[in-house]
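The values are calculated or read from the model by the stated rules, or taken from the named source; none is laboratory data. Fair warning: this is a prediction, and the values are worked out from it, not measured in the lab. Don't worry about glycine lacking a Cβ; one is built from the backbone with ideal geometry, like all the others, and counts go over all protein chains shown. Ligands, DNA and RNA are excluded from the accessible area calculation, which covers all protein heavy atoms including side chains. Shrake-Rupley method; radii C 1.70, N 1.55, O 1.52, S 1.80 Å.
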Amino acid sequence: MSQLLLDVNGLTMQFGGLVAVNKVNLTVKNRQIVSVIGPNGAGKTTVFNCLSGFYIPTAGSVMFKGKEIAGMKDFQISRQGLVRTFQHVRLFSNMTVIENMLVAQHRHLNTGLLAGLFKTPSYRRLEQEAMDRAIFWLKEVDLLDSANRESGNLSYGQQRRLEIARCMVTQPELLMLDEPAAGLNPNETKELDELIIKLRDEHEISILLIEHDMGLVMGISDHIYVIAQGTPLADGNADDIKNNPDVIKAYLGES
Amino acid sequence: MSETILYLIQQLINGLTIGSTYALIAIGYTMVYGIIGMINFAHGEIYMIGSYITFIVIAGLLGMGMVSLPLILFIALVISVLIASTYGWTIERVAYRPLRGTNRLIPLISAIGMSIFLQNFVVLSQGSRDVALPPMISGGWTFGDPSLFEVSFSYMQLFIWVATFVTMLGLTLFISRSRMGRACRACSEDIGMTNLLGVDTNRVIATTFIIGAALAAIAGLLLSLYYGVANPFIGFMAGLKAFTAAVLGGIGSIPGAVLGGLILGVTEALTAAYFPSEYKDVVAFSLLILILLFRPSGLLGKPEVEKV
């Protein structure tokens, strides 16, 4: 039986008098793809920012692996195994693809100055492992041929895939993707679709997704949450959502 | 060769010598700016402290009767780099880190305070008068026609060129090859993302201050051997010049700092050669104003792109 990986209860975020997120509940189980959808400005990214530690939620609890993470700093949360991408690509664009992958593993290489200076066997072993992991994930996202290119010179779709690979080398348990298909062409979207499913099925991680591409969302999600104006509107599987009159109203307006 | 050309060559040699030490100090400004977007105005004082340590160590070793010049220089280098780096690290820890994330003017004011503190600390502990050293590296080559103009290139100047070159080579290797260098580059592109990927960015920032201080200490050693005198106030002007060099080359860019330092050194030497030498500072800082007016991102800096 799968258990709860992420359990969000009554998440609320207020900016002054504005309630951006109002009592959102959300759960992600192990090996699940969960999507959050809603019209523009519904507060989806705000939810992400609360979960990943960019904002400290005004109220509510965020349990990750049974541990309260609301109020933790962003890097502490990412060390717990919850990592995210952003709406816009945030690669180190002047560095090569492989360097991007290695920086993300800096923490695992923390062996001290002297070990690095004298290249002790344990240091070399860790470096080799980091390199192997980087190469493994570059293969998974089909970027191995571009390993020595500057990441800023990759195509947009490749940059998106590199971001996911860079998250994966940190060995997360929950990957949060903020509009990963934005700006991709249909072909690239299809590849992304396959990649996300592969992450779940082969690498056994869970994915929390914000996406506007309904084809992608409906096709791959195990569970979908709909938010409108910061408030939860509906949740269920793809068919439930497609046929929910409230959701249709929120997207298309009253007829 | 005619007299004018020989004279010009001499000025270029002098200018490149001074310019390479400006470059060493400028790297400290530019690396810190590249990572945390702050001008460390206490950096010139680190150079001054590096000079003082060099003086104290060399005087001490000479007093103990040590005669081997390479050994004296090596010990002076190691001690002054170690102590100056400790200062650099400490300054970041006590005066800047607690202020990180505040309005960017606040650490700047803290830096100016730190600079005044260090200057007066040295005045009180070492006295405000000049300290002097006997010439350590003398001799050199001369060429050109003695009846016209003789160009001299001293061993000391060669030493400065070689030492600067080796230091910069070491820094380049560190930045491009090492794990920490990689993290430094990542921080200078996007420190928030680097932090999120689990890199201890505080440690990267501390490392940057240590490296900057070490380079300033090397510059301090080279210039104290070159000039033979130092006082507690040399850090101010050297700091301003190096800052100008960093802005000239494009603040945040290490090759830019080197280029800016060399251009500034040569410009000063040429000004002093053809105009009254008091004008060299006027020209140096006019250059700063012109660059800020017409190319604020500097020669090798990237224009600031407004992030959406």
Unsatisfied cross-links (Cα-Cα over 23 Å) in the set A:Lys119/A:Lys139; B:Lys280/B:Lys302; A:Lys73/A:Lys139; A:Lys29/A:Lys198; B:Lys241/B:Lys280 = A:Lys119/A:Lys139; B:Lys280/B:Lys302; A:Lys73/A:Lys139
query = Where does helix B:201-227 land angle-wise versus the long Cα axis of chain B, in degrees 0 to 90, nearest 10?
reply = 10 degrees
note = Long-range alpha-carbon pairs in the stretch A:88-171, meaning those over 16 Å apart, account in percent for 49 percent
remark   = Convex hull around the C-alpha positions of the stretch B:93-235: the volume in Å³ per residue is 173 Å³
ask   = Once amide H atoms are placed 1.01 Å from N in the peptide plane, what residues at a sequence separation of 5 or more from B:Met38, or on another chain, have their amide H within under 5 Å of its amide H?
value = B:Tyr33
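A:Gln80: net charge of surrounding residues, Cβ under 9 Å, Lys/Arg +1, Asp/Glu -1, itself excluded?
On the way: positive: A:Lys65, A:Lys67, A:Arg79; negative: A:Glu173.
Summing Lys/Arg as +1 and Asp/Glu as -1 gives +2.
Hey, what's the protein assembly as shown come to in accessible area per residue, 1.4 Å probe, Å²?
Details: 25820 Å² over 563 residues.
It amounts to 46 Å² per residue over the protein assembly as shown.
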task = At 1.4 Å probe size, with no ligands or nucleic acids counted, give the accessible surface of B:Thr4 in Å², nearest ten.
result = 100 Å²
query = Helix A:121-140: angle to the longest alpha-carbon principal axis of chain A, degrees 0 to 90, nearest 10?
reply = 50 degrees
Within the protein assembly as shown, helix-based [θ] at 222 nm, where runs of 4 or more DSSP H residues each add -39,500 (n - 2.57), nearest 500 = -18500 deg cm²/dmol
task = Using only alpha carbon pairs under 8 Å that are at least six residues apart, calculate the relative contact order of the stretch A:88-171 and give it in whole percent.
result = 51 percent
ask   = Which three extents, in whole angstrom, do the alpha-carbon atoms of chain B cover along their principal axes, largest first?
value = 66, 50, 37
ask   = Around A:Lys44, with a cut-off of 10 angstrom between Cβ atoms, what is the net charge of the other residues, counting Lys and Arg +1 and Asp and Glu -1?
value = -3
key: Rh (Kirkwood; distinct C-alpha pairs) - the protein assembly as shown, Å   = 26.8 Å
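Take B:Ile46, B:Ile9 and sort them by solvent-accessible surface of the protein heavy atoms, 1.4 Å probe, largest at the top.
Working: B:Ile46 5, B:Ile9 50 Å².
Output order, biggest surface exposure first: B:Ile9, B:Ile46.
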key: Amide H contacts of A:Val21 (H built 1.01 Å from N, under 5 Å, at least 5 apart or other chain)   = A:Met13
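Say a site is exposed when it is one of the GluC sites (Glu not before Pro), sits in a DSSP loop, and has at most 12 other Cβ atoms within 10 Å; what is then the longest site-free stretch of chain A? Display every interim value, and only then the final one.
Details: sites that count: A:Glu202, A:Glu204, A:Glu254.
Counting only loop sites that pass the neighbour cut-off, the longest clear stretch is A:1-201.
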query = Nearest 10 degrees, 0 to 90: what angle lies between the long axis of helix B:155-177 and the longest principal axis of chain B (Cα atoms)?
reply = 20 degrees
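For A:Asn153, what charge total do you get from the other residues with a beta carbon under 14 Å from its beta carbon, if Lys and Arg give +1 and Asp and Glu give -1? Spell out each step's value before the answer.
Values: positive: A:Arg149; negative: A:Glu99, A:Asp145, A:Glu150.
Net local charge, A:Asn153 excluded: -2.
Suppose every K and R has +1 on its Cβ and every D and E has -1 on its Cβ; what is the size of the dipole of the protein assembly as shown about the Cα centre, in Debye to the nearest 20?
Numbers: 40 positive and 44 negative charges, 232 e Å.
So the magnitude is around 1120 debye.
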request  = Any chance you could look up the accessible area of B:Phe41 with a 1.4 Å probe, heavy atoms only, rounded to 10 Å²?
outcome  = 60 Å²
remark   = Computed on Cα atoms only, the convex hull of chain A has an orientation-averaged projected area in nm² of 15.6 nm²
